[in-house]
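What follows draws every value from the coordinates through simple rules; no lab data is involved. Fair warning: this is a prediction, and the values are worked out from it, not measured in the lab. A quick note on method: Cβ atoms are made from the backbone with ideal geometry, for glycine too, and the neighbour counts reach across all protein chains shown.
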Amino acid sequence: MISSQSGTVREISLPQIRDARGDLTFVEGMEHIPFSIARVYYLYNVPAEAERGGHAHKELEQVIFALSGSFRIKVSDGIDTQEYWLRDPAKGLYINRLIWREMDAFSEGAVCMVLASHRYDEQDYYRDYEEFLDVVRSKQA
Ligand code: T46
């Protein structure tokens, strides 16, 4: 099982204020999210058969939300793998650095919003799984 005690991967619940007009959820940096938010991006118009992710990050921490619809995200620390279904806009998945992630099964109209600790940097990616495994094994040795 991927460590949740160390915060490697864990679910984050945001406040949800409900009244007759609908629901309101808010995010405050450092309060609900364990890092200062440097970037927000979102995925939408994702075809049902699309697979996204397929990489890990060297430094980046992220929290991933399904603002609408649902999708599956598989995470791995190189040893253990876990699967999550995101479908509640008030519940996100925190993913620390050095976690491989793959996303698929996007529902019609799904919107994935990501809060990220750093600005976009292609040099921060491990896009080759064998290279990722070499790195995590060398850290465990
Ligand atoms: C992740 C999952 C959930 C940018 O120019 N700026 C950005 O902020 C991002 C995220 C991407 N890009 C460019 C880089 C590629 O040319 O957009 C293109 C598609 O990116 P990528 O193939 O990395 O997209 P996903 O959906 O596979 O992965 C993204 C994030 O990259 C990744 O960190 O965890 O969403």
Number of positions in the range 16-62 that are touching a residue at least 40 places away in the same chain (Cβ under 8 Å), within 22 Å of residue 109 (Cβ to Cβ), more than 10 Å from the ligand (Cβ to nearest atom) and in a strand (DSSP E or B)
3
Any idea which residue in the range 91-110 is nearest to the chain's Cα centre (by Cα), counting only those that are of a type outside the set (D, E, K, R) and surrounded by fewer than 18 Cβ atoms within 10 Å (Cβ to Cβ)?
105
Looking only at the range 118-133, decide whether some residue is basic (Lys, Arg) and either surrounded by 17 or more Cβ atoms within 10 Å (Cβ to Cβ) or in contact with a helix residue (DSSP H, G or I) (Cβ under 9 Å, 6 or more places away or on another chain) (or both).
no
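Taking the range 102-117 only, how many residues are touching a Lys or Arg at 6+ places or on another chain (Cβ under 7 Å) and near the ligand (Cβ under 10 Å from one of its atoms)? First the steps, then the outcome.
At the first step, the residues of the range 102-117 found to be touching a Lys or Arg at 6+ places or on another chain (Cβ under 7 Å) are 102-105, 116.
Now drop any that are not near the ligand (Cβ under 10 Å from one of its atoms), which leaves 102-103, 116.
So the answer is 3.
Based on this model, can you work out whether residue 92 counts as free of Cβ contacts under 8 Å to residues at least 60 places away in the same chain and under 25 Å from residue 23 (Cβ atoms)? Even if it seems obvious, please write down each step before you answer.
Details: free of Cβ contacts under 8 Å to residues at least 60 places away in the same chain: no; under 25 Å from residue 23 (Cβ atoms): yes.
Answer is no for this residue.
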